[in-house]
Amino acid sequence: MYTLEEIHDISYDFLVELNTICRKHDIDIMLDSGTLLGAVREKDFIPWDDDVDLVIKRSDYDKFIKVICDELSDKYEFLPTSAYNGHFFDFAPRFIYKEGFLRNETEEDKAYNNMQNRVAFDLFILENCPDNELIHKLYVFMLKMLYGMGMAHRVSLKVEKHSFVDRMRIMVLTTMGKFFSLKSIFAMFDKLSNKCNKKDTARYWIPTTILKEIHLTYDKKWYEGTSEYPIRDTSFKCPKDSDAVLKNLYGPTYMTPPPVEERVSMHME
């Protein structure tokens with residue numbers, strides 16, 4: 001188990017190593033979400049944030065996966081989109097720090113082989129988004145259905161925090177999901193996510209992001225090139241128009257920290 005300060009030190013060391021590898025191979029991995037916000041607002045990690053968010057274009061990702069496993073040090077492991085020890089967790093590829101756990105190990109953690117109980121560095125992929133808004137909404141709906149079907153293959157379901165209506169939706173989708181193998185659900189998700197990548201579209205979206213942000217789209221102009229923002233003593237690549245990205249994610253007042261009661265770590269005990 002780690003303190004937040006230790007997690008930030010581990011995260012910084014990882015980002016420095018990844019930064020070196022990607023610059024060597026001319027791959028644009030960029031800071032995203034809370035990590036981007038920390039770099040812009042704090043010039044460091046957000047004090048209560050306990051993971052790292054990164055984003056990459058699909059074209060760079062395809063190049064990236066050919067080199068990363070050979071160049072990344074043994075302290076880290078890259079987990080492409082896949083099951084964790086045969087169970088569904090989510091659809092996001094990520095890196096984990098292999099030494100130590102985030103919290104006291106549970107039976108569920110053991111079932112996942114502790115893949116989700118590590119200091120983690122999420123990697124989100126920018127895919128071409130349908131320009132037609134109705135088609136985009138349909139794709140979002142279908143991806144949410146696939147996520148719900150994937151939940152049928154989780155070690156356990158925690159539905160207490162959900163509303164009655166959401167519990168009914170989860171019950172229906174997890175029942176459907178039992179009729180499909182986890183491999184086929186991953187394949188359907190990947191096919192739908194990549195559906196527009198051979199088309200010339202004006203926007204990106206991130207199908208593998210958290211459900212409450214899966215509907216968001218990103219103007220391709222925001223990613224035409226990169227900018228640089230620091231975390232501690234190192235400069236990292238960020239979207240060219242990081243201001244537009246952050247406003248899209250957090251609204252126009254993103255430079256103002258949230259109320260104290262909302263400054264909560266997401267993954268630690």
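Near Leu79, the amide H atoms lying under 5 Å from its own belong to Arg94, Phe95, Ile96; only residues 5 or more places off or on other chains count, and H is placed 1.01 Å from N.
So which GluC sites (Glu not before Pro) in the stretch 182-267 pass both tests, a DSSP loop state and at most 11 other Cβ atoms within 10 Å of the Cβ? Write down the numbers at each step before the final one.
Numbers: sites: Glu213, Glu224, Glu228, Glu261, Glu262; in loops: Glu224.
Counting only loop positions with at most 11 other Cβ atoms within 10 Å, the GluC sites (Glu not before Pro) in the stretch 182-267 are Glu224.
For the cross-link pairs Lys191/Lys237; Lys212/Lys247; Lys57/Lys220; Lys66/Lys212; Lys24/Lys57; Lys24/Lys75, the ones whose C-alpha atoms lie over 22 Å apart are Lys191/Lys237; Lys66/Lys212. Shape class of the stretch 84-200 from the alpha-carbon gyration tensor: oblate, with a/c at 1.5 or above and b/c at least as large as a/b.
Kindly state, as a whole number, the per residue volume in cubic angstrom of the convex hull around the alpha carbon atoms of the stretch 36-123. Mind dumping the intermediate values first?
Working: hull volume 10.7 nm³, N = 88.
Cα-based convex hull of the stretch 36-123, divided per residue, equals 122 Å³.
What trypsin sites (Lys or Arg not before Pro) in the stretch 151-209 are in a loop by DSSP, with at most 12 other Cβ atoms within 10 Å of the Cβ? Numbers along the way, then the final one.
On the way: sites: Arg154, Lys158, Lys161, Arg167, Arg169, Lys178, Lys183, Lys191, Lys195, Lys198, Lys199, Arg203; in loops: Arg154, Lys158, Lys161, Lys178, Lys195, Lys198, Lys199.
In loop regions of the stretch 151-209 (DSSP not H, G, I, E or B), the sparsely surrounded trypsin sites (Lys or Arg not before Pro) are Lys158, Lys161, Lys178, Lys198, Lys199.
Once the convex hull of all Cα atoms in the chain is built, its volume per residue stands at 142 Å³. Residues in the stretch 67-78 carry Karplus couplings, in order, of 10, 5, 5, 7, 9, 6, 5, 5, 5, 10, 9, 8 Hz; the curve used is 6.51 cos²θ - 1.76 cosθ + 1.60 with θ = phi - 60°, and Gly or Pro positions show x.
Calculated from DSSP H runs of 4 or more alone, at -39500 (n - 2.57) each and per residue, what is the 222 nm mean residue ellipticity of the chain, nearest 500?
-11000 deg cm²/dmol
Using Cα-Cα distances under 8 Å and only pairs 6 or more residues apart, what relative contact order does the chain have, in percent? Provide the component values of the computation, followed by the final result.
On the way: 407 pairs, mean separation 60.7, N = 269.
Taking the mean separation of contacting Cα pairs over the length of the chain, I get 23 percent.
Using a probe of 1.4 Å on the protein chains alone, the accessible area found for Val165 is around 80 Å².
Please sort by residue number the trypsin sites (Lys or Arg not before Pro) in the stretch 1-75 whose DSSP state is loop and whose Cβ has at most 11 other Cβ atoms within 10 Å.
Working: sites: Arg23, Lys24, Arg41, Lys43, Lys57, Arg58, Lys63, Lys66, Lys75; in loops: Lys43, Lys66, Lys75.
Filter output for the stretch 1-75: Lys66.
DSSP beta bridges confined to the chain are antiparallel in about 80 percent of cases. Of the DSSP H helices in the chain, those with a Cα length along their own long axis of 15 Å or more and a mean Kyte-Doolittle hydropathy reaching -1.0 comprise 4-24, 133-150, 164-177, 182-193.
What percent antiparallel are the DSSP beta bridges of the stretch 40-132, to the nearest 5?
The answer is about 55 percent antiparallel.
The alpha-carbon positions of the stretch 128-259 define a convex hull whose volume is 179 Å³ per residue.
For Thr208, the residues whose amide H sits under 5 Å from its own are Ile125, ignoring neighbours fewer than 5 places away on the same chain, with H placed 1.01 Å from N. Kirkwood radius for the stretch 1-148, taken over all pairs of different Cα atoms as the inverse mean of 1/r, rounds to 16.8 Å. Centroid-to-centroid, using Cα positions, the stretch 19-39 and the stretch 53-103 are 14 Å apart. Taking a sphere under 14 Å around the Cβ of Ala244 and counting the other residues whose Cβ falls inside, with K and R at +1 and D and E at -1, yields a net charge of 0.
The values are calculated or read from the model by the stated rules, or taken from the named source; none is laboratory data. None of the values given here were measured: they were computed from a predicted structure. Positions of Cβ are backbone-derived with ideal geometry, glycine not excepted, and every protein chain shown enters the neighbour counts. Just the protein is used for accessible areas: all its heavy atoms, side chains included, with ligands, DNA and RNA removed. Shrake-Rupley method; radii C 1.70, N 1.55, O 1.52, S 1.80 Å.
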